[in-house]
Structure formats: structure tokens, C-alpha cells
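Below is one structure; the comments refer to it alone.
The values are calculated or read from the model by the stated rules, or taken from the named source; none is laboratory data. In this text, all values refer to a predicted model and were calculated from it rather than measured experimentally. With ideal geometry, Cβ positions are generated from the backbone for all residues, glycine too; neighbour counts draw on all protein chains shown. Heavy atoms of the whole protein, side chains included, go into the accessibility calculation; ligands, DNA and RNA do not. Shrake-Rupley method; radii C 1.70, N 1.55, O 1.52, S 1.80 Å.
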Amino acid sequence: MLRQTAKRSEQSPPATPTAVRRTIRTATLAFACAASLAVVPTTLAVAATAPKIPAPYVTTDDASDAVGGYATLNGTIKTYLSGTFYFRYGPTSAYGTNTPPTPISAASAAALEEETIPVAPGGEYHYQLVASNKTGTTYGNDQVFFTPPDAPTIGSAVDNAFLPSVLSGGVPLLLRLDSAGTITVQVYVPASVAIANHVVSSVPTGDKLVLLGSSRVNVNPFQLAYDSVSIVPGAAKRLSKVGQLTLTVQATAEANGIISDLATKTIVLKNRPATAS
């Protein structure tokens, strides 16, 4: 057994030279790779990414010139790229009506834009500026404006009516407004007549009328509203014997906190003719 073991040991190739050769080859390969990397420059390519152009910057500005049946909508836009803009408008923030799209050139500076729209008197309007370019669409903030009501129409059934009944029962008027609102009515008499009949003792310098009574009435659009303006009792008694009295009726309408222009009407009242004896 010992010999066989010794014989096999003699026939087996020595381990040390082989391990040395493998170590030498590995070291040679590592050196060659290092030398190759040192000689040949390596370039890393990085793909360049262009900055993204934003969607338009939009601000809805205050409306202007809301008179005469029209109003001007205003806004500010930075488009960056060429695009279009339009306004949405209507009685609520749901809008409902759009202005035609309008082209706008590319610009990084703010540009003021406007559109004129038809409006009704005494109305509430919401509006919003919208702008688009190739990147996207931007909706501006919601804005609100109110249109002034038209001056009311004053009608009366007492032209040439008898004075005492009107003074005691009030001045009957028929009022009309093109929008819903509140009408304030005031009835005046000439200052000279008021002083002569002791309604007042004096008036401020420059005043030509003296107030006899006032009233307020709510009206629906395009409908007649009846109102009777009561005269101050003391003034009614002192003026009842005047042969003929000219009253000046003034009225303004108010809607959404905006007051209309002044409307004026003159009413002539006559006293009863003397009864023949």
C-alpha cells in the first residue's frame, strides 16, 4: 500500500508550476487591459435635453367701458410660442359664450389683449381669458363686472288733473325699467312757489327746487310698476289753493349697487274751476 501510494505520487504532475503559470497569465491580461485603457481615450456621450417651453401665462384683468350696450374685456398674456386666445363670458362662472379665437405671436414679454362684447343694462357678467400654444392651454382667473341700469321711464296719468285730489292722494306714476332694479322717485316744486305759499321760508343759494316727497319701488325688467308719491301733509295743504302747479319728477334706477342717469318729467296740475253762483 505504501508503494502504490508512492508510485501514484510520482506519476501525478506537480501542482506548483501550473498555479504559477495561471497566475502569470492572469497578471499579464490585467496589465494588458490597464495598458489599453491608458492608451485609448474613452469618451462618454451625454444626450442634451432642450428646455421645455411652458404653456401661456394668463391673467384676466378688469373690464372697462361698460356703457352704451357694450363692454371691453381685458387680459394679460405671455405666450412664449405663437398661439391663440379668447374670452369666455356669461351671467355666471359657467359662462356659456366665447369670443372668436384670435391669433397671438410668440413673446416672453406680457402683452395686453382685449375684446368688446355686447351687454345688457343692469346685468352681472362673469368672464375669463383663455390662451393656448403648442405646449398647452391656460385658463385665467374669473372676473365679474356689472353694467349700469338704464335711466327709468316715468309715466303719469295726472297730466292736467285737478290739484287737490293729487296733493291729498299722492302723485300717481307709472315707472318702467329695462332691467330689474330699484327706482327712487322724488317730487319737487319750484322754490319760488314753495316760498310764496309758505311751504319753506328760504332755500339755499342756487337751489331752484324744493322736495315735496319721495318713494322707492322695485321693478321687473320691461314691466310697468305703479307708484304713488305722497306729498308732505303741510305742503299739500298750503299748495292746494294754487290755481296751477307744476311738479318736477326725478327718478334714478339702481341695480347691483350702480345708479343710472337721472330721468326727469314735468307734471302740470290745475285746480278746479270756480263754480258759477
Within region 239-249, is there a residue that is free of Cβ contacts under 8 Å to residues at least 24 places away in the same chain and β-branched (V, I, T)? no
Residues of region 65-123 being open to solvent by 70 Å² or more (accessible area, probe 1.4 Å), touching a strand residue (DSSP E or B) at 6+ places or on another chain (Cβ under 7 Å) and among the hydrophobic types (A, V, I, L, M, F, W, C), which ones? L112
Across region 220-241, what is the number of residues that are modelled with pLDDT under 90, over 31 Å from the mean Cα position of the chain (by Cα) and not in a helix (DSSP H, G or I)? 2
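Would you point out which residue out of L167, L175 is surrounded by 17 or more Cβ atoms within 10 Å (Cβ to Cβ) and more than 16 Å from A251 (Cβ to Cβ)?
L167
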Answer with yes or no whether T248 is loosely packed, with under 12 Cβ neighbours inside 10 Å and under 18 Å from V158 (Cβ atoms). no
How many residues does region 67-87 contain that are among the polar types (S, T, N, Q), more than 15 Å from I117 (Cα to Cα) and assigned to a strand (DSSP E or B)? 2
Scanning region 178-205 residue by residue, those closer than 20 Å to K237 by Cβ, touching a Lys or Arg at 6+ places or on another chain (Cβ under 6 Å) and surrounded by 13 or more Cβ atoms within 10 Å (Cβ to Cβ) turn out to be A191, N197, V199
